[in-house]
1. Listed residues L403, L413; which is at pLDDT 95 or above and either in a helix (DSSP H, G or I) or over 20 Å from V472 (Cα atoms) (or both)?
2. Scan A304, A319, A282, A262 and give me the residue that is at pLDDT 95 or above and surrounded by fewer than 19 Cβ atoms within 10 Å (Cβ to Cβ).
3. Answer yes or no as to whether D291 is more than 16 Å from the ligand (Cβ to nearest atom), open to solvent by 40 Å² or more (accessible area, probe 1.4 Å) and within 19 Å of S466 (Cβ to Cβ).
4. Residue check, P277 against (1) within 16 Å of the ligand (Cβ to nearest atom); (2) within 14 Å of N474 (Cα to Cα); (3) open to solvent by 70 Å² or more (accessible area, probe 1.4 Å), all met but one. Which one?
5. Would it be correct to say that G123 is outside any helix (DSSP H, G or I), in contact with a strand residue (DSSP E or B) (Cβ under 6 Å, 6 or more places away or on another chain) and open to solvent by less than 100 Å² (accessible area, probe 1.4 Å)?
6. How do the pairs read when you match residues in the stretch 495-523 that are aromatic (F, W, Y) with residues anywhere that are surrounded by fewer than 18 Cβ atoms within 10 Å (Cβ to Cβ) and in a helix (DSSP H, G or I), using Cβ under 9 Å and keeping only pairs 6 or more apart or on different chains?
7. In this structure, is R129 out of contact with any Ser or Thr (no Cβ under 7 Å at 6 or more places or on another chain), open to solvent by 80 Å² or more (accessible area, probe 1.4 Å), at pLDDT 95 or above and in a helix (DSSP H, G or I)?
8. Please specify each residue of the stretch 32-48 satisfying the condition of being part of a strand (DSSP E or B) and either of a type in the set (S, T, Y) or surrounded by fewer than 18 Cβ atoms within 10 Å (Cβ to Cβ) (or both).
Amino acid sequence: MNVKNTWRDLYAGEVRPEQVGERITLSAWVARRRDHGGLIFIDLRDHTGIVQLVVNPERAPDAAAIAHDVRSEFVVRAQGEVVRRAPDAVNPNIATGEVELQVDRLEIVARSDPLPFQLDDEGVEEPLRLRYRYLDLRREHMQRNLRLSATVIAAIRRSMEQQGFIDLWTPSMTLGTPEGARDFLVPVRLQPGTFFALAQSPQLFKQLFMVGGLDRYYQIATAWRDEDLRADRQFEFRQLDLELAFPTREDVLDVLEQVVVASFEALGRIPPSRPFPRMSYADAMLRYGSDKPDVRFGLEIQDATEVTRGSEFGVFANAETVRFLAAPAVFSRAQLQRLEEFAKEWGAKGLAYVVVDESDEVRSPIAKFLSVRELLAFGVEPGSTALFVADTTPMVERVLGALRLHLGEELGLIDQSRDAVLWVLDFPLFLLDEETGRWTFVHHPFTGPLDGHEGLIETDPAAALSQAYDLVWNGWELGSGSIRIHRQEIQERVFKAMGISDDEARAKFGWFLEALRMGAPPHGGFALGIERFIALLAGESNIREVIAFPKTASGSDPLTGAPAPTTKERLDELGISLKPAKG
Ligand code: ASP
């Protein structure tokens, strides 16, 4: 007998006609047991598939006695001979369907309580799946996703090593890095009243590697960000974090393109062709109303600001910006009303429309105010509807960007079979924070200005562009990076433009600014969101499907019950007293 280990010669799904006549041992889970015609049939399952065991009480009375006791999800060890199935019992739908194991010894290795849900039930609610995640993990779907994840991570590491990067570790407990989210705080028993922040990214440490002469760094780093959760966001997630010294922007993009291509190839898929398409931020906002455009479909936003300047329709004439989408559909009044509600949810004051039906008839409450010149300029084809938003530029972008995606889904315009990867480049250096009215950063405040834009930091911050870039796939931001500021003088000017005082900058980042004064080479890098990347590769629309133990959408873990209150003793040790809960 060809014994590979005590428990298993083969995985369940590997048994093939070539093994006919061999005696083998299999250990796996019982998918189901049924008694038929005096025989006992047991389907044995592991991640490779299912094989059928047959126990004949006449041939193997001891095994049969045990088989009667076996229930779903018991772990059993079976020994016997691989035999061909009778022709009418062959199952062409499974790889092991031509054979079965005629059992002569059977052992129960582990018993199972009745399960809270059946593993072949596709409709189990997510909280229950997460409460019993270890059962959920036994299912084919999660097995596939987590194994795919491991394959991709191995490919990423191989690619990075081949490209000469070295894997270095940075602390999780630190002083705090501004990545635009809140920090998770860790109270410190030895110094009550003080806190570490869990790193939102290794950003400043990886920059220090460059100052320290470790000129090609990478890490599959965990990052923690206290923000509202969404389909593509968790409190903790991993990123392929990297930094290199003396790079051009193209060098960084090239590293990432190699990683993406290697990951596709590791999965046996045709990779996107290189170089990936590039689009400027300005173009993305103008044509798609988003800095992460889904370019799997057209329906581009069109600008009508110029042509409506002298319009008799005051809403158009007076708005900072007028833009529209020409949807290939003749919408009914009720549909238009729903679209207007959608636009209002995104902040629009209203949604003007011009419907041009199949016979070129115009239906629109605003048509009487519009000149022929305007109507012609909109170029609305018969059988379509132009939907207008007139407002401030950011509002127009936001509403039409959201409406475009909504219509793309509703009208079935998105080609789901396509993979559209692209780079978005030339982000602005500053964004206006609508709440505070102050300039703030787009990604983080260490992003370098585009060459020649340094002078705009003080004179025209709105026009200053940065050396930041994002990788976008099918409308998801996969990651971002930049060429950094490596001169302290520029870093100080950027802080100043954002209203960060010298004292504040020194208190938060003094340790880092000091390093920029001690021979910091030019450097730049990137962070690629691992879970988002893997979810897209796995065809999942939610990153929880590729994370073994994720938090729910409301930020808790049904499996362990975390987060949970702590004891009074712990709080006392930490010098923390809690306010009474609001309620
Ligand atoms: N630190 C950035 C992030 O985590 C990435 C980068 O700029 O390298 O998004």
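The values are calculated or read from the model by the stated rules, or taken from the named source; none is laboratory data. Everything numeric in this text was worked out from a predicted model, so none of it was measured. Every residue, glycine as well, gets a Cβ built from its backbone with ideal geometry; the counts of neighbours run over all protein chains shown. Calculation scope for accessible area: heavy atoms of the full protein, side chains included, ligands and nucleic acids excluded. Shrake-Rupley method; radii C 1.70, N 1.55, O 1.52, S 1.80 Å.
1. On the way: L413 fails: either in a helix (DSSP H, G or I) or over 20 Å from V472 (Cα atoms) (or both).
Being at pLDDT 95 or above and either in a helix (DSSP H, G or I) or over 20 Å from V472 (Cα atoms) (or both) holds for just one of L403, L413, which is L403.
2. On the way: A304 fails: surrounded by fewer than 19 Cβ atoms within 10 Å (Cβ to Cβ); A319 fails: surrounded by fewer than 19 Cβ atoms within 10 Å (Cβ to Cβ); A262 fails: surrounded by fewer than 19 Cβ atoms within 10 Å (Cβ to Cβ).
Of A304, A319, A282, A262, the one residue that is at pLDDT 95 or above and surrounded by fewer than 19 Cβ atoms within 10 Å (Cβ to Cβ) is A282.
3. Answer is no for this residue.
4. (1)
5. Details: outside any helix (DSSP H, G or I): yes; in contact with a strand residue (DSSP E or B) (Cβ under 6 Å, 6 or more places away or on another chain): no; open to solvent by less than 100 Å² (accessible area, probe 1.4 Å): yes.
No.
6. Between residues of the stretch 495-523 that are aromatic (F, W, Y) and residues that are surrounded by fewer than 18 Cβ atoms within 10 Å (Cβ to Cβ) and in a helix (DSSP H, G or I), the close pairs are F495/D502; F495/E504; F495/L513.
7. Numbers: out of contact with any Ser or Thr (no Cβ under 7 Å at 6 or more places or on another chain): yes; open to solvent by 80 Å² or more (accessible area, probe 1.4 Å): no; at pLDDT 95 or above: yes; in a helix (DSSP H, G or I): yes.
For R129, the condition - out of contact with any Ser or Thr (no Cβ under 7 Å at 6 or more places or on another chain), open to solvent by 80 Å² or more (accessible area, probe 1.4 Å), at pLDDT 95 or above and in a helix (DSSP H, G or I) - is not met.
8. R32, R34, D35, H36, L39, F41
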